[in-house]
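Reading through the structure tokens given below for one structure.
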Amino acid sequence: MTLSVPEGVFWGLLGPNGAGKTTLLSILSNLLIPEEGEVRVLGKDLRKNAMEICNRINVSSGHANFLWSLNVRENLEYYAMLYGLPGKKRQQRVDDLLDLFDLREFAKVRFDELSTGTKQKLSLAKSLVNDPALLLLDEPTVGLDPDVARRIREAIQHLHRDKGTTILMTTHNMKEAESLCEQIAFIKDGMIKALGKPQDLKRELRLGDTIFISFSGSLSSRSLKELQGIYGLQTSDSSCRILVDDHHQRLPQILDFFIGEKIFIHDLRVQESDLEDVFIAFTR
Amino acid sequence: MRMFLLLLQDEVTKTRAFVFKNWIMTKRNVFTLFEILFWPLVAFLSVGFLTEFAALQPAMKAFILVGVIAMSAVQVCQLDVAYALLYDVWSKAVKHGFAAPVGIRHLLFGSLIVGIIRGGSVFVILMVASYLLFGFDFTLPGTLPMGLFVLGLFLSAAMVGVFVCILVLVFGNRAEVAAWSLVSLMLLLCGVYYPVSVLPAWVRVLAEIIPLTYFLEYFRQFYGFQPIFSHVLVKGYVMVIIYLVIEVFAMKAALLRAKRTGLLLKLSE
């Protein structure tokens with residue numbers, strides 16, 4: 001697998017279970033040594049500069065576990081110490097992270113007494129103790145209720161936007177990937193199957209958008225199909241399903257066509273393809 | 001100079017992390033209190049009353065009580081070194097610790113500090129109890145011999161603790177049983193309740209490669225027991241330091257192996 005992630009970009013790693021996403025993050029965070037190949041993180045050889053690189057990166061994973069007897073503040077302090085943050089600087093950092101992730105009220109609650117959502121917030125807070133230049137997120141919102149997941153996504157988004165942190169995230173949540181990631185890599189069987197911006201990937205796969213129209217009148221399928229940007233067409237007596245490359249671009253000409261043919265439209269719906277369609281196309 | 005101070009601060013902070021972790025885990029868990037109060041006292045009193053019942057001569061009583069007290073201190077101290085890794089294994093948090101830029105030295109020194117505090121507490125408690133209950137004076141050899149003996153015990157404990165960590169990194173969490181069984185093996189081999197001269201020749205060879213054997217021999221000579229081996233203190237220290245250096249490299253190798261085989265990640269699942 002060859003993958004090069006530019007500085008300051010929010011990357012998403014998508015793929016089915018067992019594709020190798022978590023393995024890749026584990027290799028990048030120096031927890032797993034690959035049998036062969038070269039890993040360069042922040043421009044340096046990971047094997048030769050492991051300590052220096054580990055100091056500048058951090059990782060957060062879904063279903064995170066921390067020392068069960070330590071409370072939230074103590075866990076953050078412990079990991080801040082492991083990253084070498086001295087006295088006052090450490091206290092300040094821990095305080096900032098408690099505020100950033102709304103963890104202040106849980107500061108003295110032991111890890112084994114926290115809810116799943118709060119554990120996940122702690123995991124993210126822990127991953128920021130060293131203010132990393134590269135942040136590795138392994139399914140950061142897995143198993144969370146929608147509200148907590150949304151707040152965690154917002155926190156991640158702010159982090160990327162405000163600090164310009166390079167983020168590499170794995171997720172099974174396609175909407176999450178689409179809303180957060182600037183670039184997406186689809187992985188399957190340890191190989192990158194596709195790489196690019198979400199929009200480009202959809203275009204590449206000719207997934208397009210679907211326009212559903214109910215009408216009354218006589219529709220000439222052949223003429224409609226000849227319009228630019230039409231990938232496919234299914235018609236019945238009173239309805240049709242048109243697959244177009246981009247509905248923003250194609251809808252006006254389709255409407256013009258219906259008007260020109262004096263076909264009366266009763267109902268019109270547009271369904272945009274999303275990353276889930278891309279995911280399914282790639283994993284088939 | 002400033003660079004040196006920053007590096008020193010970094011080393012101290014990372015070492016302190018392991019002190020912090022072990023200390024809080026110790027404070028919060030009942031079993032760790034049992035480890036320094038219940039088990040050592042039960043073992044000590046059982047053996048102490050046995051020496052009374054057997055009406056042993058003071059020298060013989062000293063021989064056995066030195067062994068029991070030393071063993072209890074070593075047991076507790078080595079557990080703390082092993083706990084530096086085992087707490088993470090039990091919490092399934094191994095990967096977070098090893099993703100951080102820390103070395104084996106931080107883990108070893110940090111956990112050993114807590115081990116010395118806990119093992120030292122056991123040592124003092126049993127020393128006082130032995131004086132009050134059985135009239136045994138542990139301070140008889142003097143401050144320096146006692147200091148050298150105790151330091152030898154703690155280095156031996158560090159050696160055992162690191163060995164447990166190596167086993168866990170090689171064989172996974174099923175090797176955690178070594179944290180409690182290795183010391184029992186030493187109890188058998190190092191002459192805790194009897195001189196190593198009574199051991200069969202082939203077992204005595206094993207006793208000779210364990211530093212604790214020499215530290216016990218060294219301290220017991222102040223109670224009238226001539227050492228079987230020569231230069232016991234030097235041999236004990238040289239041996240334990242060589243073992244510790246080898247173990248640090250072995251643990252680095254075990255960690256690399258665990259990263260290659262994926263065991264490090266499995267320990268977090």
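The values are calculated or read from the model by the stated rules, or taken from the named source; none is laboratory data. Keep in mind that this is a model prediction, so the values were computed, not measured. Using ideal geometry, Cβ is built from the backbone for each residue, glycine included, and neighbour counts are taken over all protein chains shown.
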What residue, among those in the range A:82-122 that are farther than 24 Å from A:Glu176 by Cα and of a type in the set (S, T, N, Q), is surrounded by the fewest Cβ atoms within 10 Å (Cβ to Cβ)? A:Gln92
Can you tell me which of B:Thr13, B:Thr26, B:Thr51 is within 14 Å of chain A (Cβ to nearest Cβ) and out of contact with any Gly (no Cβ under 8 Å at 6 or more places or on another chain)? B:Thr26
Matching residues, the range B:49-85, being farther than 19 Å from B:Glu217 by Cα and surrounded by 22 or more Cβ atoms within 10 Å (Cβ to Cβ): B:Val76, B:Cys77, B:Gln78, B:Leu79, B:Asp80, B:Val81, B:Ala82, B:Tyr83, B:Ala84, B:Leu85
Criterion: closer than 18 Å to B:Ala73 by Cβ, in contact with a Lys or Arg (Cβ under 7 Å, 6 or more places away or on another chain) and buried (at least 21 other Cβ atoms within 10 Å of the Cβ) - qualifying residue of B:Tyr214, B:Tyr218: B:Tyr214
Among the residues listed as B:Ala17, B:Ala43, the single one being in contact (Cβ under 8 Å) with a residue 40 or more places away in the chain, among the hydrophobic types (A, V, I, L, M, F, W, C) and surrounded by 16 or more Cβ atoms within 10 Å (Cβ to Cβ): B:Ala17
Condition set of a type in the set (D, E, K, R) and in a helix (DSSP H, G or I), scope the range B:100-137, selection farthest from the other protein chains (Cβ to nearest Cβ): answer is B:Arg118
Are any of the residues in the range A:110-119 within 19 Å of A:Ile57 (Cβ to Cβ), touching a residue at least 24 places away in the same chain (Cβ under 8 Å) and within 12 Å of chain B (Cβ to nearest Cβ)? no
Note: among B:Val150, B:Val177, B:Val198, B:Val122, just one is over 26 Å from B:Leu56 (Cα atoms) and of a type outside the set (S, T, N, Q), namely B:Val177
Kindly provide the set of residues from the range A:15-44 that are in contact (Cβ under 8 Å) with a residue 24 or more places away in the chain, facing another protein chain (nearest Cβ under 8 Å) and either aromatic (Phe, Trp, Tyr) or within 25 Å of A:Met174 (Cα to Cα) (or both), ordered by number. A:Ser29
Filter the range A:123-179 down to residues that are within 21 Å of A:Lys197 (Cβ to Cβ) and polar (S, T, N, Q) and give me whichever is surrounded by the most Cβ atoms within 10 Å (Cβ to Cβ). A:Thr170
Output yes when any residue across the range B:195-206 is among the hydroxyl-bearing types (Ser, Thr, Tyr) and under 18 Å from the mean Cα position of the chain (by Cα), and no when none is. no
Can you tell me which residue among A:Leu135, A:Leu98, A:Leu124, A:Leu144 is outside any helix (DSSP H, G or I), within 25 Å of B:Ser91 (Cβ to Cβ), touching a helix residue (DSSP H, G or I) at 6+ places or on another chain (Cβ under 7 Å) and of a type in the set (A, V, I, L, M, F, W, C)? A:Leu144
Condition first: of a type outside the set (Ser, Thr, Tyr) and either surrounded by 14 or more Cβ atoms within 10 Å (Cβ to Cβ) or closer than 19 Å to A:Glu272 by Cβ (or both). Now tell me which residues in the range A:213-227 satisfy that. A:Ile213, A:Phe215, A:Leu219, A:Leu224, A:Leu227
Those residues of the range B:83-96 which are within 25 Å of the chain's Cα centre (by Cα), more than 23 Å from B:Arg118 (Cα to Cα) and at the interface with another protein chain (Cβ under 7 Å from one of its Cβ atoms) amount to B:Lys92, B:Ala93
Answer yes if at least one residue in the range A:19-40 is basic (Lys, Arg), part of a helix (DSSP H, G or I) and either in contact with a strand residue (DSSP E or B) (Cβ under 6 Å, 6 or more places away or on another chain) or surrounded by 23 or more Cβ atoms within 10 Å (Cβ to Cβ) (or both), and no otherwise. yes
Does A:Glu74 count as on the phi > 0 side of the Ramachandran plot and either not hydroxyl-bearing (Ser, Thr, Tyr) or not assigned by TED's automatic domain parsing to the domain that holds A:Leu32 (or both)? no
Consider B:Ser184 carefully, then state whether it is closer than 15 Å to B:Tyr218 by Cβ, out of contact with any Asp or Glu (no Cβ under 7 Å at 6 or more places or on another chain) and polar (S, T, N, Q). no
Counting only residues that are among the hydrophobic types (A, V, I, L, M, F, W, C), modelled with pLDDT under 85 and in a strand (DSSP E or B), the range A:166-191 contains a total of 1
Answer with yes or no whether B:Val66 is of a type in the set (A, V, I, L, M, F, W, C) and free of Cβ contacts under 8 Å to residues at least 12 places away in the same chain. no
Residues of the range A:65-88 being among the aliphatic types (A, V, I, L, M) and within 8 Å of chain B (Cβ to nearest Cβ), which ones? A:Leu67, A:Leu70, A:Met81, A:Leu82, A:Leu85
Could you please give the count of residues in the range B:31-71 that are over 23 Å from B:Val196 (Cβ atoms), among the hydrophobic types (A, V, I, L, M, F, W, C) and in a helix (DSSP H, G or I)? 12
Only one of these conditions is not met by A:Asp245: (1) closer than 20 Å to A:Ser273 by Cβ; (2) in contact with a Phe, Trp or Tyr (Cβ under 8 Å, 6 or more places away or on another chain); (3) modelled with pLDDT of 85 or more; (4) not assigned by TED's automatic domain parsing to the domain that holds A:Arg161. Which number is it? (3)
Within the set of pairs 6 or more residues apart or between chains, which connect a residue that is within 21 Å of A:Lys119 (Cβ to Cβ) and part of a helix (DSSP H, G or I) inside the range A:45-64 to a residue that is at pLDDT 95 or above and among the hydrophobic types (A, V, I, L, M, F, W, C) with Cβ atoms less than 8 Å apart? none
Among (1) assigned to a helix (DSSP H, G or I); (2) on the phi > 0 side of the Ramachandran plot - the single one B:Leu86 does not satisfy: (2)
